[in-house]
Amino acid sequence: MSRDTTASLPTGLGRRDFLAAASVALSGGMAGCAGVFAEEGNQVNIAGSSTVFPVTEAIASAFSEENPTVNLSLSKTGTGGGFGNFFCAGRTDINNASRAIADAEIEQCGENDITPIEFQVATDALTVVVNPEADWVDCLTVDELHDIWRAGGAERWSDINEDWPDEEFELYGAATTSGTFDYFNEAVIGEEENHRSDYHATERDRTIVQGVQGSEYAMGYFGFSYYSENPNSIKALSIDDDGACVEPSIETAMSGEYTPLSRPLFIYVAKESLADSAVRDFARFYMERAATDLVSEVGYVPITEDQRDENVAKLDEAIAEVTE
């Protein structure tokens, strides 16, 4: 297929070097800079969810070590931003997604002759965090969380519990283009009310970390991976959904105890892009590695071997259809 290649990145870098370089390289192209076109069949363009980004980044780094001639471009645009602006517009081959693709996005893809193929690649424990100095709170019920984050809800900590400080919340969370926002909104706010708009909204999860680190009265939410990178400078809250406080962790997400904030994570591959050998090879590599400790190392639950086999079978069927 013909794609708008926004930037190319030499592979063979270390994991964190790859992360930094890829973000700069592709985000510059997306901002309108002239991209460097790679040789046809030797380029993989990826955008989408910042939550799924650490998984894809880790797998891309491992892939680049074995395939140094393949150029990988990787950026955080948010799930919805990735679908709407890049994947369904034919500009990227793969979209990271922290929620399932929406009907309107499927329609947009169809209008541009893009066929999205869904693969679950991990499970996340969406995590609510506060400043370590917030020693008055270790657990919130889902109802309390709802009252804090709904439009017209609580304004001060003391609105939730009169024994807590009479101080206003300083709130940090996902932007509305984020799949994390969509999932949190569905799981916590519900259909009858709206997520509050008077909070610091961002696609940059590390901005949320910094905001919570900087204020005793702050609260934020994001994927577990970003908490696991900073366990000593921010505090994760347990969530009480059914009479018991459950900490967010790989183990509680895997067991199903951590509700309602455990969620599947996906990548979507454009079927038409599988005509390119680099995309085929990377997608197959991704499916294999998503069932390994590489995923747990970045703070998520790997898929099972059965899920891996289902993904590989689905991928092989799609490849056969575009290469026969």
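The values are calculated or read from the model by the stated rules, or taken from the named source; none is laboratory data. All figures in this text were calculated on a predicted structure; none of them were measured in a lab. Note: ideal-geometry Cβ built from the backbone for every residue, glycine included; neighbour counts use all protein chains shown. Note: accessible area is taken over every heavy atom of the protein model, side chains too, but ligands, DNA and RNA are not part of it. Shrake-Rupley method; radii C 1.70, N 1.55, O 1.52, S 1.80 Å.
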So, counting K/R as plus one and D/E as minus one, what does the shell of residues with Cβ under 14 Å around Lys314 add up to? -4
tail above 18 Å in the computed P(r) of segment 251-324, as % of all Cα-Cα pairs, reads 46
Looking at the calculated P(r) for segment 176-223, what percent of the C-alpha pair distances fall above 11 Å? 70
Give me P(r) over segment 41-169, computed from all C-alpha to C-alpha distances, binned every 10 Å, as integer percentages. 11, 30, 22, 20, 14, 3, 0
Just how large is the dipole of the chain about the Cα centre, in debye to the nearest 20, putting +1 at every Lys and Arg Cβ and -1 at every Asp and Glu Cβ? 1400
Excluding ligands, DNA and RNA, the carbon-plus-sulfur percentage of the accessible area of segment 62-115 with a 1.4 Å probe reads 44
Provide the per residue accessible area, probe 1.4 Å, for the chain, rounded to a whole number of square angstrom. 41
Could you sort Thr51, Thr323 by accessible area so the largest value comes first, with the probe set to 1.4 Å? Thr323, Thr51
Can you give the relative contact order of segment 255-324 as a percent, counting alpha carbon pairs under 8 Å and 6+ residues apart? 34
If I histogram all Cα-Cα distances within the chain using bins 20 Å wide from 0, what percent of pairs lands in each bin? 33, 55, 12, 0
Rounded to whole Å and ordered largest first, report the semi-axes of the equivalent ellipsoid of segment 42-110 derived from its Cα gyration tensor (root of 5λ). 23, 13, 8
Of the peptides 61-70, 159-168, 204-213, 114-123, how do they stack up when ordered by the mean number of other Cβ atoms within 10 Å, highest first? 114-123, 204-213, 61-70, 159-168
Dividing the helical contributions, -39500 (n - 2.57) per DSSP H run of n ≥ 4, by the residues of the chain yields a 222 nm value, nearest 500 deg cm²/dmol, of -10000 deg cm²/dmol
Paramagnetic label zone (point 7 Å from Cα along Cα-to-C-beta, Thr323; backbone N under 20 Å) in segment 69-96: 69-72, 93-95
Please express the Cα-Cα pair-distance distribution P(r) of segment 182-283 as a list of whole percents, one per 10 Å bin, running from 0 to the bin with the greatest distance. 12, 33, 32, 16, 6, 0
Write out the chymotrypsin sites (Phe, Trp or Tyr not before Pro) in segment 125-172 meeting two conditions: DSSP loop, and at most 14 other Cβ atoms within 10 Å of their Cβ. Trp136
